[in-house]
Amino acid sequence: MLNRSDSSRRALTILAALAISVGAAACGSATDGNAGGSDTSGDEAALSKQEYLKQVNAAQTEFATDAAKLNLADPGSAKQFGNSLGDLEGMIETLRKSLDQMDEPEAVTTEQETLVRILGDYRNTIGEQKGALTSGNPEQAKAAAQQVGKASTEFSKQFDATIKQINQNLGLKVSPSH
């Protein structure tokens, strides 16, 4: 078991919970009058609303499923924790690339770009702090955990707000929790 302070442990628990919760913020379902999937943007190459939602939700679900398997909150050693952080970085990058490669409907181009950017920023923060988190130096680990905790909170807020905006832009009916 790693020797971490309570604040470090809380920050890492936030990170683990965040990694799992990204899938919970998935886009709504097309239950409006345009549920057939046609996109009114006129851009023939863009995905329909329905196909876009299907791809985004599939990518998020895969991420959440894989992240749930990580041992971030209570790893047995610094090496195991480092491996889990490396795995998380890879999962974030996979989700980022999946979203970046989608040809989203024109109504959500800005939001799609925002999702890709914030995923990259978050992945970078984890990568930058990974060495300190696994260093065995309690002060370095605590400072790094605080950085990651802050980045996790900010990422979560931005991600949720962007998903909400995507849903609004596509005219989707979503539950009040979104």
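Coordinate-derived values only; no laboratory data. Small disclaimer: the values here were computed from a predicted structure and weren't measured. A quick note on method: Cβ atoms are made from the backbone with ideal geometry, for glycine too, and the neighbour counts reach across all protein chains shown.
See the values below:
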quantity: Over region 80-178: Kirkwood hydrodynamic radius from C-alpha pairwise inverse distances, Å; calculated: 14.8 Å
quantity: Residues of region 84-115 with amide N under 16 Å of a point placed 7 Å along Cα→Cβ from residue 54; calculated: 102-105
quantity: Fewest-first sequence of 164, 150, 130 by Cβ atoms within 10 Å of each Cβ; calculated: 150, 164, 130
quantity: Region 45-110 pair-distance distribution - Cα-Cα, 10 Å bins, rounded %; calculated: 20, 40, 23, 13, 4
quantity: Theoretical gain in end-to-end length, residue 139 to residue 113 [0.36 nm per residue, Cα-Cα removed]; calculated: 5.8 nm
quantity: Cross-link table 142/164; 54/157; 54/164; 54/79, entries beyond 26 Å C-alpha to C-alpha; calculated: 142/164; 54/79
